[in-house]
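The values are calculated or read from the model by the stated rules, or taken from the named source; none is laboratory data. Just so it is clear, the structure is predicted and the values come from calculations on it, not from any experiment. We place every Cβ from the backbone using ideal geometry, glycine too, and count neighbours over all the protein chains shown.
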Amino acid sequence: MNIAKSLILGSAATLVALGGAQAADLPLKAKAVEYVKVCSLYGAGFYYIPGTDTCIKLGGYVMADTTFNGAGAYNMPRWTGAPTRASNDYISRSRFASTIDTRTATEYGVVRTYASLIYSWTTDTSSRASGELGVYYAFIQFAGFTFGKAVSQFDMPWSGYPGNQTSFLLGGYDDVTGINQIAYTAQFGNGVSASISLEENSGLKGTGAINSYTRAPLYDLAAPGGFGAMTANNWGGTNAPDIVGQLRVDQAWGLFQLSAAAHQIRTGVALVSPVPADAWGFAVQAGLSLKNIPTGAGDSINVSVGYADGASRYIIGGVSPDSYAIGNANVLAMGFSSDGVYAPGFGIQKTEAWGVRGAFNHNWDPYWSTSLFGAYSGIRYNNTVRTALGVNPNWEISQIGLVTRWTPVKNLTLSGEAMYTYLTQHNTGLVLPTGAVAGDRGTWSFSVRAKRDF
């Protein structure tokens, strides 16, 4: 009995000792869990970064496109020359994009950072597939200033998309992928604002990476080729940024915007002597958006008109090619876009560009919408250039299209778009170096798209 009692007491003492040891290992007080809190200051989707007063929003999209009778890029019309048996009849692209938006309230106002990164996989018309990594935007905004890669202050709020799906509607600036700049925007109240910026002058689009626009070329007519091969692009390095200004009025009825830009033109190692002196070109653009028009709730009309003298990429060009060719091996319509032309005996002769484009956007119901869009633009060379070439390289492009979208659920859109492009040139009957005869020609393109935003 005494033995059993001793064993029980001993076991009890051991359990008490172990319990005390384990209790000594436990923290006296558990730390509070930091939950992610909603930040309602800047709209839906923002959250406070734990432990900070900075709000962050993560987003992006996944998009799949297929374009029929296209060329080069995924929804470009077939305007890069006559097709061959080696050309694909359709082009496909899949793209993933991510966006990061942060906001921090300070005594000087909100500090904002924004970045948009994309990755694309494209099959082009030459049966090649390639991946492209790019930075669309990466900028900081503070006290009215913008530093970094953002949409140009020259651009309309809808950029190159008044209602279209294609990236190749001409007639105005298309800077949707951003441009390096230092800008300041002043707010005057009642929806009136003004901006001024210094923006990158040089071309940025490089092989294997999506980096904004290509600068319109500066043609050297002393180089071999002449008209029909007008590819002697001889830009020099830039030593001055583009100077851009904007005046904008936002109201309940829509908006009005007026933009202007000054653009330096500078040759490289010229084939003429002496090297032509630098020149300055300019561009102006006006845009109007009308909202909630009588045709239906949410309907809108967006239109812009622009003119450039020695700054053609603000009207024609941008992410589009510098030359256009529509037709076949027998009859071909051709056009060349440039900022200027130079040759022995005269300095830089600036090229004029003009354009108008717009769209009517209609909502049938909460799930279906349609946009009718179009553009008319052209390039004009002066008498000095036409005499030196011996031909008239002036041309115009007309475009009209229709896109219909279906949004079965929120943030998922399926769409189809058809567009007709017609190139009118001023050398009908001229025999080109390829053997084709110059003539006016048009081309259809059709694209389908599935896009999921998140």
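Of all residues in segment 168-194, those satisfying the criterion of being hydroxyl-bearing (S, T, Y) and surrounded by fewer than 19 Cβ atoms within 10 Å (Cβ to Cβ) are Y184, T185, S193. Just to be sure before I move on: is S369 out of contact with any His (no Cβ under 8 Å at 6 or more places or on another chain) and either not in a strand (DSSP E or B) or not aromatic (F, W, Y) (or both) in the structure I sent? So S369 does not fit the description; no. Of the residues examined, A297 is not one that is assigned to a strand (DSSP E or B) and of a type outside the set (D, E, K, R). Being at pLDDT below 95, surrounded by 24 or more Cβ atoms within 10 Å (Cβ to Cβ), within 22 Å of A260 (Cα to Cα) and of a type in the set (A, V, I, L, M) is a description that does not apply to I326. Look at segment 415-434: where a residue is free of Cβ contacts under 8 Å to residues at least 12 places away in the same chain and under 11 Å from I397 (Cβ atoms), no partner that is of a type in the set (D, E, K, R) and crowded, with 20+ Cβ neighbours inside 10 Å sits 6+ places away or on another chain with Cβ atoms under 6 Å. Out of all the residues in segment 276-284, is one or more touching a Gly at 6+ places or on another chain (Cβ under 7 Å) and surrounded by 23 or more Cβ atoms within 10 Å (Cβ to Cβ)? Yes - at least one qualifying residue is present in segment 276-284. Scanning segment 71-88 for residues being closer than 22 Å to T413 by Cα and modelled with pLDDT of 80 or more gives a total of 2. Within segment 354-390, being β-branched (V, I, T) and buried (at least 19 other Cβ atoms within 10 Å of the Cβ) holds for I379, V385.
Taking the stated definitions as given, is A186 part of a strand (DSSP E or B), without any contact (Cβ under 8 Å) to a residue 60 or more places away in the chain and farther than 21 Å from I100 by Cβ? So A186 fits the description; yes. Given the criteria crowded, with 21+ Cβ neighbours inside 10 Å, free of Cβ contacts under 8 Å to residues at least 40 places away in the same chain and not β-branched (V, I, T), does A143 qualify? When the stated conditions are applied, A143 does not pass them. Meeting the requirement of 1 or more residues that are of a type in the set (S, T, Y) and modelled with pLDDT under 85, the strands (runs of 3 or more DSSP E) wholly within segment 211-290 are 218-220. For segment 42-80, the tally of residues that are in a loop (DSSP other than H, G, I, E, B), on the phi < 0 side of the Ramachandran plot and within 17 Å of the chain's Cα centre (by Cα) stands at 4.
For segment 153-184, a tally of residues being within 25 Å of R78 (Cβ to Cβ) and among the charged types (D, E, K, R) returns 2. Every residue in segment 372-419 that is within 22 Å of I315 (Cα to Cα), part of a helix (DSSP H, G or I) and either polar (S, T, N, Q) or in contact with a helix residue (DSSP H, G or I) (Cβ under 8 Å, 6 or more places away or on another chain) (or both), please. Hit for segment 372-419 is N383, nothing else.
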